[in-house]
Amino acid sequence: MQAVVLAAGRGTRMRPLTESLPKPMLPVADRPLVAHVADAAVAAGADELVLVVGYEADLVRDYFRSTYEGVPVRYAVQEEQDGTADAVRAAAPHLDGEFAVLNGDNLCDPAGVRTLFEAGPSVATVHREDPTSYGVLATDGGSVSNIVEKPADPPSTLVNAGAYVFPAAATDWLDVPPSERDERELTDVLARSIDSVDVTPVELDGWLDVGRPWELLEANEWQLGDLERRVEGTVSEDATLHGDVVVEPGARVDDGVVIEGPALIRSGASVGPNAYVRGATLVGKDVSVGHAVEVKNSVLMAGANVNHLSYVGDSVLGRDVNVGAGTNVANLRHDDRPVELTVKGERVSTGRRKFGAVLGPGASTGINTSLDPGVTLSAGATTLPGERVDRDR
Ligand code: TTP
């Protein structure tokens with residue numbers, strides 16, 4: 001079966017991390033987010049991947065090229081990001097027969113995706129105790145009988161997890177009218193499928209929609225949790241690695257470093273001397289974590305530097321960020337309320353008691369900067385030495 005993977009979106013809720021990188025290419029453990037989706041599709045038996053690309057398309061193409069894990073890859077270009085149904089419409093000329101559609105920014109348990117692919121026309125679901133902010137499925141005798149968006153009075157707790165198998169005829173149903181938020185939605189195509197054929201709900205054990213920066217942390221917490229200890233880089237005899245730590249070839253861990261897994265130190269990265277890395281932490285390619293630096297439960301994207309005397313907790317550092325000596329990130333509010341973050345201009349609860357900062361690509365902090373919980377520095381932003389940053393910039 002062909003699997004269409006939607007990877008054309010602009011990822012506006014993930015800014016500034018998506019300033020120059022499409023959301024599906026953000027790092028989750030040792031691969032881009034969308035590679036986890038493609039892997040699940042290949043493991044489920046996809047015989048062709050059709051990647052729908054648009055925003056920063058070349059970065060997706062450069063990664064997947066024409067064959068991925070032995071499976072041919074085709075590309076469909078969505079010129080304007082007009083919605084998920086429109087994205088599948090871009091792929092339609094390549095489709096022949098029943099086909100699957102997966103969001104390029106959703107992590108799903110691979111066993112669930114396999115069951116979905118085997119089920120014929122189907123939709124992946126998960127239970128949510130409060131489903132009122134999701135598309136909610138009504139079922140009748142083992143089939144889906146209806147889908148209702150954000151219902152005040154939900155017919156069940158089964159929500160749409162954004163992975164589908166559509167019947168071949170669905171390629172004729174993609175021209176749906178724009179929704180209230182002015183996008184052509186795939187859920188309207190699902191509604192048409194439900195009216196035309198039996199659509200089976202397939203419940204997933206694990207699912208995460210990665211839309212906002214703290215969800216990138218959660219995606220890494222999930223995937224790093226599956227690591228198995230592997231030390232292939234250069235590790236000093238005076239360093240201590242506890243638990244499931246992976247040090248890739250070409251990475252270096254110096255004297256006096258303590259790393260508590262799960263943690264992944266990618267190739268070209270260096271840690272130490274005398275640094276402490278803990279929690280589910282991704283130290284990306286060519287990252288430098290230097291003397292007397294503590295990094296906890298964070299994602300440090302490729303090329304970031306935290307070289308001296310700093311604390312970075314529950315934070316996301318974009319590519320090529322430079323953290324000045326003595327910079328500290330606060331990750332807990334004294335009133336113990338969940339930390340809020342700005343998403344598309346509005347303060348939104350992360351739902352997390354511990355959350356630090358989001359530093360956009362190329363941002364630099366001056367020495368002794370202190371960053372309040374939930375601040376975002378935009379791409380290339382700077383702070384002055386000794387500054388306390390209590391709002392976004
Ligand atoms: P969304 O997360 O709804 O959209 P987005 O990725 O553009 O992010 P944001 O809302 O923060 O701007 O998209 C769900 C999936 O569908 C995601 O993998 C991107 C993809 N997509 C397209 O391929 N084309 C589109 O026109 C849209 C809206 C999304």
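The values are calculated or read from the model by the stated rules, or taken from the named source; none is laboratory data. Predicted, not measured: the structure shown is a model, and the values here were computed from it. We place every Cβ from the backbone using ideal geometry, glycine too, and count neighbours over all the protein chains shown. Surface areas here come from the heavy atoms of the whole protein model, side chains and all, with no ligands, DNA or RNA. Shrake-Rupley method; radii C 1.70, N 1.55, O 1.52, S 1.80 Å.
Give me the accessible area of residue 234, 1.4 Å probe, in Å² rounded to the nearest 10.
90
Rounded to the nearest 10 Å², what accessible area does residue 209 show when all protein chains are kept and the probe is 1.4 Å?
About 60 Å², rounded to the nearest 10.
For the chain, give me the percentage of DSSP beta bridges that are antiparallel, rounded to the nearest 5 percent. Working shown, then result.
On the way: 28 of 94 bridges.
Of the beta bridges lying entirely in the chain, close to 30 percent run antiparallel.
Any chance you could give the angle, 0 to 90 degrees and rounded to 10, that helix 186-196 forms with the longest Cα principal axis of the chain?
Taking the Cα atoms of the chain, the angle to 186-196 is about 30 degrees.
Can you give the % of DSSP beta bridges in region 223-389 that are antiparallel, to the nearest 5? Please report the intermediate quantities before stating the final value.
Values: 5 of 51 bridges.
Antiparallel bridges: around 10 percent, rounded to the nearest 5.
Can you give me the relative contact order of the chain as a percent, contacts being Cα pairs under 8 Å and 6 or more apart? If you can, show how the numbers build up before the last one.
Values: 1138 pairs, mean separation 43.4, N = 393.
In percent, rounded to a whole number, it is 11.
Given H placed on each backbone N at 1.01 Å, which residues far from residue 290 in sequence or on other chains put an amide H within less than 5 Å of it?
Amide H neighbours of residue 290, under 5 Å, 5+ apart: 272, 306, 307, 308.
Could you tell me the accessible area of residue 19 in Å² (1.4 Å probe, neighbours in place), rounded to the nearest ten?
90
Using modelled amide H (1.01 Å from N, peptide plane; none on Pro or chain starts), what sits under 5 Å from the amide H of residue 68, excluding residues fewer than 5 places away?
So residue 68 has HN proximity to 73.
Multiplying the sequence separation of residue 31 and residue 149 by 0.36 nm and subtracting their Cα-Cα distance, what value in nm do you get?
On the way: separation 118, 0.36 × 118 = 42.48 nm, distance 3.21 nm.
Separation in residues times 0.36 nm, less the Cα-Cα distance, equals 39.3 nm.
At most 10 other Cβ atoms within 10 Å and a DSSP loop assignment: could you name the GluC sites (Glu not before Pro) in region 69-145 that fit? Each step should come with its number before you reach the end.
Values: sites: 69, 79, 80, 98, 118, 129; in loops: 69, 79, 80, 98, 129.
Filter output for region 69-145: 79, 80, 129.
Share of antiparallel DSSP beta bridges in region 302-365, in percent to the nearest 5?
Numbers: 5 of 12 bridges.
Roughly 40 percent of the DSSP beta bridges within region 302-365 come out antiparallel.
Roughly how tilted is helix 213-224, in degrees to the nearest 10 and between 0 and 90, from the longest Cα axis of the chain?
It is inclined by approximately 90 degrees.
Tell me the carbon and sulfur percent of the accessible area for the chain, rounded to whole percent, probe radius 1.4 Å. Don't skip to the end; give the middle numbers.
On the way: 6910 of 16110 Å².
Whole-percent figure for carbon plus sulfur exposure: 43.
Quick one: Cα centre-to-centre distance for region 75-95 and region 203-272, in angstrom?
That distance is 35 Å.
Under 8 Å for C-alpha pairs, at least 6 residues apart: give me the relative contact order for region 1-79, rounded to a whole percent. It would help to have the intermediate numbers written out before the result.
Values: 122 pairs, mean separation 28.7, N = 79.
Relative contact order for region 1-79 comes out at 36 percent.
How large is the accessible surface per residue of the chain, computed with a 1.4 Å probe and reported in Å² as a whole number?
Numbers: 16110 Å² over 393 residues.
Here the residues of the chain average 41 Å² of exposed surface.
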